[in-house]
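Peer 1: Sharing a structure below in structure tokens format, with a few things to ask.
The values are calculated or read from the model by the stated rules, or taken from the named source; none is laboratory data. This is a predicted model, so every value here is computed, not measured. Because the Cβ atoms are built from the backbone with ideal geometry, glycine has one as well, and the counts that use them run over all protein chains shown. Side chains included, ligands, DNA and RNA excluded: accessible areas come from the protein's heavy atoms. Shrake-Rupley method; radii C 1.70, N 1.55, O 1.52, S 1.80 Å.
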Amino acid sequence: MNRVTLLAGAAALIVAPASTTLAQQQPTQRPFVVGNPLGLPVEPATAGTFEGISSNVKVYGAIYSAESCSYDPGRGVIVVPNRGVAQNIQVNNAWISFINHDGSVHTARWIGVQNPADRANLTPPLVLNDPFGSDIANGFLYVADRDGGTTPTEPSVAVVRRFDMKTGAPAGEFRVERSAWFNDIEVADDGTIYATQTGDRSANPDPTTWQVWKIAPDGSASIFVQGAPLNQPNGIALDNQGNIVVVNLGNTDVVTFSRAGQLMRTENAVQAGNDGLVILRDGTKYVSSVLNGGVSRIRPGKSAELIARNIPSAASMCYDAGANQLVIPMNANNALAFIRIE
């Protein structure tokens, strides 16, 4: 035992000379930066030099296990959170990409250009673990994320993280200890966040786990709707009157609630197993089925019609206003689907 200890000490002396202080061994703090568009260098250089990728090169990719997207009208790009690897493999592994209207890559890694091991040393630090739903409102990108869940026994906690759309820097978070995980989110003009908790999907589910949460701008959180008519709530959006619209995974229902939480109407998509929801200014709703692959269109006062079929894992889509098209993350297929609106 003593001999092993002495050898270990000798090895330590070789690696760390006596003049090395503890402070010198600490990680160097670095300013927070976001990634450049495709080109070199990947991270902004001190001198400010940057050369974009050659104009004759097209890149289609950069998406990994995306569950949602949002449209940034300022840049004219589609903003896509990539989930990265699972929490039990590596935490803080996710990133945000910018995608052009044609599917080509604008910025492969905007938020999250740094390796996970380096993110805690940024100023401010970056945490982005397992992003699902997302929304852009009031100059911020909101992402439904979570902490914990790295082992079968460690609890998971729902966290909505916010990022400045100008700088990409973290701009606060909203923790909801009573929920393990949010699927989709929608943010009102006043900063109120509405979030779905899909809940129990077992053969004999507990309907009390089917919830929509409301998070006030000050961070206080409460259950907005619970149980029926929710049935494994997934996608969520606000209509033009500010009402809260939710699509269910467990059936075809598309349910609209007032801001007081009262059921106002129930419409039906063509397929069940729904995830994505887009509402246009004329009131037309588009609903994507993550389980059955179709996209339903529901015009005001009319029955739903299927406008697209067989899209694998059609997750929480967004509306690309710059190109008048739906953009649908295809989840484990590591791709985006594009549908022009006619």
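Peer 1: Taking a quarter of the surface of the convex hull around the Cα atoms of the stretch 25-94, what do you get in nm²?
Peer 2: Taking the Cα atoms of the stretch 25-94, their convex hull projects to 7.7 nm² on average.
Peer 1: Can you give the Kirkwood hydrodynamic radius of the stretch 143-248 from its Cα pairs, in Å with one decimal?
Peer 2: It is 14.4 Å.
Peer 1: Give me the Kirkwood hydrodynamic radius of the stretch 253-303, using the inverse of the mean 1/r over all pairs of distinct Cα atoms, in Å to one decimal.
Peer 2: About 11.4 Å for the stretch 253-303.
Peer 1: Taking all pairs of different Cα atoms in the stretch 69-180, averaging 1/r and flipping that mean, what Kirkwood radius in angstroms comes out?
Peer 2: 14.4 Å is the Kirkwood radius here.
Peer 1: Sticking with this structure for a sec: For the chain, which span is the longest to avoid every loop-located (per DSSP) member of trypsin sites (Lys or Arg not before Pro) having at most 16 other Cβ atoms inside 10 Å?
Peer 2: 76-165
Peer 1: What's the whole-number percent of alpha carbon pairs in the chain lying beyond 39 angstrom?
Peer 2: Roughly 20 percent, rounded to a whole number.
Peer 1: Tell me, what is the percent relative contact order of the chain, built from C-alpha pairs under 8 Å that lie six or more residues apart?
Peer 2: Result for the chain is 12 percent.
Peer 1: Moving on to the next point. Which of the lysines could a cross-linker bridge to residue 302, judged by Cα under 22 Å and excluding same-chain residues fewer than eight apart?
Peer 2: Filter leaves 285.
Peer 1: Right, here's the next one. What three numbers, in Å, describe the spread of the alpha carbons of the stretch 227-324 along their principal axes, ordered from the longest?
Peer 2: 36, 31, 22
Peer 1: Ok, one more. Could you work out the Rg to Rh ratio of the stretch 139-191, with Rh taken as the Kirkwood radius (inverse of the mean 1/r over all Cα pairs)?
Peer 2: Rg/Rh for the stretch 139-191 comes to 1.04.
Peer 1: Where the centre of each part is set by its Cα atoms, how far does the stretch 300-340 sit from the stretch 142-170, in angstrom?
Peer 2: Their Cα centres are 25 Å away from one another.
Peer 1: First measure r as the distance between the Cβ atoms of residue 90 and residue 332, then evaluate 1/(1 + (r/R0)^6) with R0 = 22 Å and state the FRET efficiency to the nearest 0.05.
Peer 2: Using R0 = 22 Å, I get an efficiency of 0.80.
Peer 1: To continue, here is another question. Among the lysines, which fall within straight-line cross-link reach of residue 166, defined as a Cα-Cα distance under 29 Å, with same-chain neighbours fewer than 8 residues apart omitted?
Peer 2: The reachable lysines, counting only those whose Cα sits under 29 Å from residue 166, are 58, 214.
Peer 1: Which residues does the label zone of residue 104 cover in the stretch 54-72, counting backbone N under 18 Å from a point 7 Å along Cα→Cβ?
Peer 2: Within reach of a label on residue 104: 54-63.
Peer 1: Report the Stokes-Einstein translational diffusion coefficient (µm² s⁻¹, integer) for the stretch 164-213, Rh taken as the Kirkwood radius over Cα pairs, at 20 °C with viscosity 1.002 mPa s.
Peer 2: Reported coefficient: 165 µm²/s.
Peer 1: Another question, if that's okay. Work through the residues other than residue 179 whose Cβ is under 15 Å from its Cβ and net out their charges, Lys, Arg +1 and Asp, Glu -1.
Peer 2: With Lys, Arg at +1 and Asp, Glu at -1, the neighbours total -3.
Peer 1: Now for a different question. Roughly how many percent of the accessible protein surface of the chain is carbon and sulfur, given a 1.4 Å probe and a whole-percent answer?
Peer 2: Carbon with sulfur: 52 percent of the solvent-accessible area.
Peer 1: Where does helix 2-15 land angle-wise versus the long Cα axis of the chain, in degrees 0 to 90, nearest 10?
Peer 2: Roughly 80 degrees between the two axes.
Peer 1: Follow-up question, since we're still on this one. Quick one: net charge around residue 254, please, counting Lys, Arg +1 and Asp, Glu -1 for every other residue with C-beta under 15 Å from its C-beta.
Peer 2: -2
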